[in-house]
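Quick one: the structure is below, questions incoming.
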Amino acid sequence: MLTAIIKNNKIEVTKTNNISLNNKKGAIVKVLGCGLCGSDIVKFVHKTVKNGTVLGHEIVAKIEEINSDTKFNIGDIIVTSHHIPCGECVYCKHGNVSMCRHFKSTNIYPGGFSEYVYLTEEHLQNVAHIKPENLTEIEASFYEPLGCIVRAVKRANLLKGDSTLVIGLGSIGILTAQTLNTYENDVMGCDLLDDRVEFLKSYNIKATKNLPDDYQADCVFMTSGADKAIDTAIKHVRSGGKILVFSSTPHDNSAYPNNEIYYRELTVLGSYSPSPEDLKDSLELLKTGRVKVDKISTEYSLKDIQKAFDDTMSNKILKAYIKVN
């Protein structure tokens, strides 16, 4: 089968051995396509994974072989996530599912940028769902990333009508702004690129390139990885307000000013990956069209995956979808 692996600072498509169940519980799925996540790019750019790694986890796939006690069948087209919390540890009990050790140890094999993937029985039981018929493959691929946003919005614990600022209008910022809108918050998006500001406005959500100096929000969602985003967040969050961090920054020594947090009683919290319930909510938002994703992704073939990485990193596109089969 064909897989796209990291090799010597490039993404290289290569032939590898086919995978099979070999009497294991679970399913072999034929990957139809896989979204390119920002975390894939971070791993690639910062070399946090080894040569030979297959990235990708935002998959839409067709079941080819199955040995399962679930109701899935051969031929079903599904979406799935890659991590599963145990539900019983201290992290899960406190709602920090993405810190769960079991969550971190589970994954799809070998990765979404591959013709075939093995899903465990646990994946089928907890995070896999039939693709809704009214969603295209590309739209359905947003199931997992939108689940991440749903969790972030829930963690912010906002009141209906709260003012929210989304800093950074890449694909995650666009999803965040729309999700906040469905929760009946007052949303403002901000980005330095004109086309992204206009893109969010096309969803009838307020957006700007330059915020007024006196603009302040009850909660700022930091979906930009730029170091300056921290300064913007501090400047435009109201005293007593919240900053929800949903991005990594290039320099790990970037810091939130202690005295600002202390004297202004700010709450700074992070959000990372979704629970199975967040994923269910995500699929419902997509299925009902309350969050629209049809214009966000640009499609690439598996053989052009390096170009997909390059175009995403150079801001030529919002998000890439890799058509695998």
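We did not get these values from a lab; they are worked out from the coordinates using the rules stated. Remember, predicted model here, so these are calculated numbers, not experimental data. When we count neighbours, we look across all protein chains shown, and the Cβ atoms used for this are built from the backbone with ideal geometry, even at glycine.
Regarding GLU64, is this residue surrounded by fewer than 17 Cβ atoms within 10 Å (Cβ to Cβ) and within 22 Å of MET1 (Cβ to Cβ)? Show your work before the answer.
Numbers: surrounded by fewer than 17 Cβ atoms within 10 Å (Cβ to Cβ): yes; within 22 Å of MET1 (Cβ to Cβ): yes.
Spelling it out, GLU64 is indeed surrounded by fewer than 17 Cβ atoms within 10 Å (Cβ to Cβ) and within 22 Å of MET1 (Cβ to Cβ).
Free of Cβ contacts under 8 Å to residues at least 12 places away in the same chain and over 19 Å from the mean Cα position of the chain (by Cα) - does that describe any residue in the stretch 108-131? Talk me through it step by step, then tell me what you get.
We begin by selecting, within the stretch 108-131, every residue free of Cβ contacts under 8 Å to residues at least 12 places away in the same chain; these are none.
Looking for residues that are free of Cβ contacts under 8 Å to residues at least 12 places away in the same chain and over 19 Å from the mean Cα position of the chain (by Cα), one finds none in the stretch 108-131, hence no.
Has the stretch 81-93 got at least one residue that is in contact with a strand residue (DSSP E or B) (Cβ under 9 Å, 6 or more places away or on another chain) and crowded, with 16+ Cβ neighbours inside 10 Å? So that I can check it myself, show each step before the final result.
Just the residues of the stretch 81-93 that are in contact with a strand residue (DSSP E or B) (Cβ under 9 Å, 6 or more places away or on another chain), to begin with: 81-82.
With the extra rule that they be crowded, with 16+ Cβ neighbours inside 10 Å, the set shrinks to 81-82.
The answer is yes; a qualifying residue exists.
Next question, about the same structure. For the list (1) farther than 24 Å from ASN325 by Cβ; (2) in contact with a Phe, Trp or Tyr (Cβ under 6 Å, 6 or more places away or on another chain); (3) not polar (S, T, N, Q), I need the number of the one condition that GLY33 fails.
(1)
Each row is one residue, and each column tells you yes or no for (1) of a type in the set (S, T, N, Q); (2) closer than 24 Å to HIS102 by Cα.
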| residue | (1), (2) |
| --- | --- |
| ASN17 | yes, no |
| ASN23 | yes, yes |
| THR48 | yes, yes |
| GLY52 | no, yes |
| GLY56 | no, yes |
| SER68 | yes, yes |
| THR80 | yes, yes |
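Same structure again: Do you know which residues across the stretch 17-49 are of a type in the set (Val, Ile, Thr) and exposed (fewer than 12 other Cβ atoms within 10 Å of the Cβ)?
Taking the stretch 17-49 and keeping what is of a type in the set (Val, Ile, Thr), we get 19, 28-29, 31, 41-42, 45, 48-49.
Within the stretch 17-49, just THR48 meets the criteria.
Among (1) farther than 18 Å from ILE174 by Cβ; (2) of a type outside the set (A, V, I, L, M); (3) surrounded by fewer than 16 Cβ atoms within 10 Å (Cβ to Cβ), where does LYS295 come up short?
Failed condition: (1).
Out of all the residues in the stretch 268-282, is one or more over 19 Å from ALA152 (Cα atoms), without any contact (Cβ under 8 Å) to a residue 40 or more places away in the chain and surrounded by fewer than 17 Cβ atoms within 10 Å (Cβ to Cβ)?
Filtering the stretch 268-282 down to residues over 19 Å from ALA152 (Cα atoms) leaves none.
Checking the stretch 268-282: not a single residue is over 19 Å from ALA152 (Cα atoms), without any contact (Cβ under 8 Å) to a residue 40 or more places away in the chain and surrounded by fewer than 17 Cβ atoms within 10 Å (Cβ to Cβ).
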